[in-house]
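Input: a single structure, listed below in structure tokens.
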Amino acid sequence: MKNLSTPLLLQNVMAALIVSFVALSLGASLGVLSGRGAFAGMLSAGIIAFITSLLGGTRVQCSGPTAPMSAVSAVLIAYAAEGLLQEAPGINPDHFINLSLILTGFLLLLMAALRLGRFISWVPNVVISGFMNGIAVLIWWGQLQKLFGMGKAPFAGALSMNLLIVGLTLALIFFLPLLFNRYLPKIASFLSATLLSIIIASGFAHLFNLDVEYVSLSNSIHSFNDFSQFILQQWPTDWSIAIILLALPFALQLSLLCYLDTLLTSLVVDRLMKEKTQQNKELMAQGVANTLMGLLGGIPGAQATIRSVLIIKEKATLRLAGILVGIFVILEMLLFQNYISLIPQAVFAGILLKVGYDVFDWMPVRLYLKEMSRDIHLVTHHFCSRHDDEAIFVSNREMLMIIGTTLVTVFIDLNIAVIAFTILFYLLNRWLWKSNPMRDLKPTVESQAFQPR
């Protein structure tokens, strides 16, 4: 700290402020995706970022709710709303959700204690790519169900108006960064396309009085008494073995996903920062953060690639930057919570469709189609294994592994997809393909499998 100067400090404060607006916007969107609401997502975005930056093993980072974690949380929350009534009538659904998150945190702490962080290197990139694609499909399908009234909680209002807002939001998110970089390059980094898209699309809906559904905050905090009452309502009261066993499968799924999400992101951050994450310390921090989310009625999270890369690109160099992101998000949430109800639900649907696009691993698909178009069949070069400037290719067997993992993730279960196809990967490499599986373990940083949020 002796080299800490005022310019360096200001540089990290500005990086944190910029990223905080992105974290706040995505937190609200992912809270909606999970089913717990925008307030829970924003609260989680602030507290998870603060705890993990303070305690984590990745020095410069930004954690918070992520698309994969929120998509799986939606399954948990749907079960608490319906299935729990049949298997455990009388149990408070919110308490059950919170208990599941607390167990998730405990499992992450157990992983850290058992020093399991090193096993991230054994998960093949084809499996990572496949399950990220599966999560993207689940996000897209969930939003389309709400838009077209195929789900149990469709958007109110006219379909045409909701589609108009979704289209406007998507167009703004995709094209605003291009406009900023071309015409406002000096201040482009200060402008959050996601936040501006929310403001513009919401203003458009109000200006023309469109027939759309708006966000409804189930909770709000205006005083310390409000906060204390909210917290006391969240703590689970039933810790019986039967309830724990019902919650454990969800906790296992969320903890495995947090493990993958966090440690894969840390590999990207390590490459950018030229540092080495203390993997088990990072798992410990994620465990503490997710346990706290269970006690506060939030949603789970993990180390977030887009936010972590962004804070580094904004020249953050101190652990303080991530800590300040958490503080700024909480302050912004308290200041702007009264305006959240002015946002159409379709705006968040548009943001989540873009999140699904970011989650999907497009690189192997593009490489495979390019290879097919050129009729190249070089089975000795795989997209998982190359780190030099030579051409990278995706073989038929790799694409089949990706598709298989995606389908199992969508139609069966994420845990089954990751575990089953990881085992299959090694079995096929050992006995059928007779190749060295260790060669295919280290993914390239260019792959979208490293950009799950």
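The values are calculated or read from the model by the stated rules, or taken from the named source; none is laboratory data. Owing to the predicted nature of the structure, the values given are computational and were not obtained by experimental measurement. No Cβ is skipped: glycine too gets one built from the backbone with ideal geometry, and neighbour counts run over all protein chains shown.
Considering only residues of the stretch 253-278 that are part of a helix (DSSP H, G or I) and in contact with an Asp or Glu (Cβ under 9 Å, 6 or more places away or on another chain), which is farthest from Ala67 (Cα to Cα)? Lay out the reasoning, then the answer.
Narrowing the stretch 253-278 to residues part of a helix (DSSP H, G or I): 253-273.
In the following step, the residues that additionally are in contact with an Asp or Glu (Cβ under 9 Å, 6 or more places away or on another chain) were identified as 253, 262-263, 266, 269.
On the way: Gln253: 14, Thr262: 13, Leu263: 16, Ser266: 17, Val269: 19 Å.
The selected residue is Val269.
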(Q) Pull out all pairs, ordered by first then second residue, where Cβ-Cβ is under 7 Å, the residues are six or more apart or on different chains, the first lies in the stretch 153-178 and is buried (at least 18 other Cβ atoms within 10 Å of the Cβ), and the second is basic (Lys, Arg). (A) Phe155/Lys146; Leu170/Lys354; Ile173/Lys354
Q: Quickly run through the stretch 179-219 and pick out the residues that are assigned to a helix (DSSP H, G or I), over 30 Å from Gly297 (Cα atoms) and either in contact (Cβ under 8 Å) with a residue 60 or more places away in the chain or under 23 Å from the mean Cα position of the chain (by Cα) (or both).
A: Ser189, Phe190, Ala205, His206
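Per-residue answers, yes or no, for (1) over 16 Å from the mean Cα position of the chain (by Cα); (2) over 30 Å from Asn209 (Cβ atoms); (3) modelled with pLDDT of 90 or more:
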residue: Thr291; (1), (2), (3): yes, yes, yes
residue: Arg319; (1), (2), (3): yes, yes, yes
residue: Ile351; (1), (2), (3): no, no, no
residue: Asp358; (1), (2), (3): no, yes, no
residue: Asp361; (1), (2), (3): no, yes, no
residue: Leu367; (1), (2), (3): yes, yes, no
residue: Met372; (1), (2), (3): yes, yes, no
Q. Any idea how many residues of the stretch 222-246 are within 17 Å of Leu296 (Cβ to Cβ) and in a helix (DSSP H, G or I)?
A. 11
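Ala67: in contact (Cβ under 8 Å) with a residue 24 or more places away in the chain, surrounded by fewer than 24 Cβ atoms within 10 Å (Cβ to Cβ) and among the small types (Gly, Ala, Ser), yes or no? Steps first, please.
Numbers: in contact (Cβ under 8 Å) with a residue 24 or more places away in the chain: yes; surrounded by fewer than 24 Cβ atoms within 10 Å (Cβ to Cβ): no; among the small types (Gly, Ala, Ser): yes.
For Ala67, the condition - in contact (Cβ under 8 Å) with a residue 24 or more places away in the chain, surrounded by fewer than 24 Cβ atoms within 10 Å (Cβ to Cβ) and among the small types (Gly, Ala, Ser) - is not met.
Just name the residue that is modelled with the highest pLDDT out of those in the stretch 424-451 that are over 24 Å from Ser266 (Cβ atoms) and in a helix (DSSP H, G or I).
First, pick out the residues of the stretch 424-451 that are over 24 Å from Ser266 (Cβ atoms): 424, 427-436.
Then drop every residue that is not in a helix (DSSP H, G or I), which leaves 424, 427-432.
Values: Leu424: 91, Leu427: 88, Leu428: 85, Asn429: 80, Arg430: 75, Trp431: 70, Leu432: 67.
It comes out as Leu424.
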(Q) Looking for something under 17 Å from the mean Cα position of the chain (by Cα), crowded, with 19+ Cβ neighbours inside 10 Å and under 24 Å from Asp413 (Cβ atoms) - is there at least one such residue anywhere in the stretch 80-98? (A) no
(Q) What's the number of the only condition in (1) part of a loop (DSSP other than H, G, I, E, B); (2) closer than 21 Å to Gly35 by Cα that Leu163 fails to meet? (A) (1)
